[in-house]
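Colleague: The structure's right below; bear with me while I get my questions together.
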């Protein structure tokens, strides 16, 4: 059997979507409701608190939605073993006529690309709902949040200076892969445990990372940023490798807390 066959993977992906359609629907509804409240909060409540106009509220709402999407991108891999709490669910997966690589990639695609697409769809739905509410409440002043993505620069939670873009992307990618390893290693509360681990790392190394973005930082420290980018890229590749190794070692009966 080939290690990765695209036709077999397509069939496996269909099975994964069908077997997890209830979870996908549940998460989609949660995202739609959460995004609707997020948009309304930024358009109206912050508008009164910061004394800004309606157009500024739309921009704040777009920024909040983009940041929420980035959080999903980083956090979603920790759910890679979602729906595999019982022995039967693990047997069903392990007995499928596909390679470990195909099974791993199918679950990874499900909690990343499929979830991201679902999030984007629910954002459009939530935006249309807030627009309809605005049209009813004040017909003279309404608009779609999504239009701000193309007409204004979005203030992301990450630094957007051109010489820090690569560092920001690699940092997000490392966080994403770190949650992936955590999701594969821990059978319970993976997101909480990984987040606590990141807080500890942030306390230990956060001051150095922040100093890199300071304009008064000496050049020798700024030059080390490139070495840190190489380290991040290496750690990302290691995390993917380690995640797949953990997936291959997954047993039907194992420790209740760790996937070994």
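Colleague: Taking R0 as 25 Å, what's the FRET efficiency between residue 26 and residue 260 from their Cβ-Cβ distance, rounded to 0.05?
Modeller: Computed FRET efficiency for residue 26 and residue 260 comes out at 0.30.
Colleague: Kindly state, to the nearest 0.05, the FRET efficiency for residue 53 paired with residue 128, given R0 = 25 Å and r defined as their beta-carbon distance.
Modeller: 0.70
Colleague: Assign one of three labels to the range 1-156, namely rounded, prolate or oblate, based on the Cα gyration tensor with a ≥ b ≥ c the square roots of its eigenvalues; rounded applies when a/c is under 1.5, prolate when it is not and a/b is larger than b/c, and oblate otherwise.
Modeller: Prolate, since a/c reaches 1.5 and a/b exceeds b/c.
Colleague: I've got another one for you. Could you work out how much longer the chain between residue 88 and residue 45 gets when fully extended? Use 0.36 nm per residue separation minus the Cα distance between them, nm to one decimal.
Modeller: Stretched out fully, the residue 88 to residue 45 stretch lengthens by 10.7 nm.
Colleague: Please arrange 107, 249, 8 by how many other C-beta atoms lie within 10 Å of their C-beta, fewest to most.
Modeller: By the 10 Å Cβ count, ascending: 249, 8, 107.
Colleague: Starting from the 7 Å offset along Cα-to-Cβ, what nm value, one decimal, do you get for the label separation of residue 3 and residue 120?
Modeller: 3.0 nm
Each value in this text was obtained by applying a stated rule to the coordinates, not by laboratory testing. Here the structure is a predicted model, which means the values were calculated and not measured. Note that each Cβ is placed from the backbone with ideal geometry, even for glycine, and that neighbours are counted across all protein chains shown.
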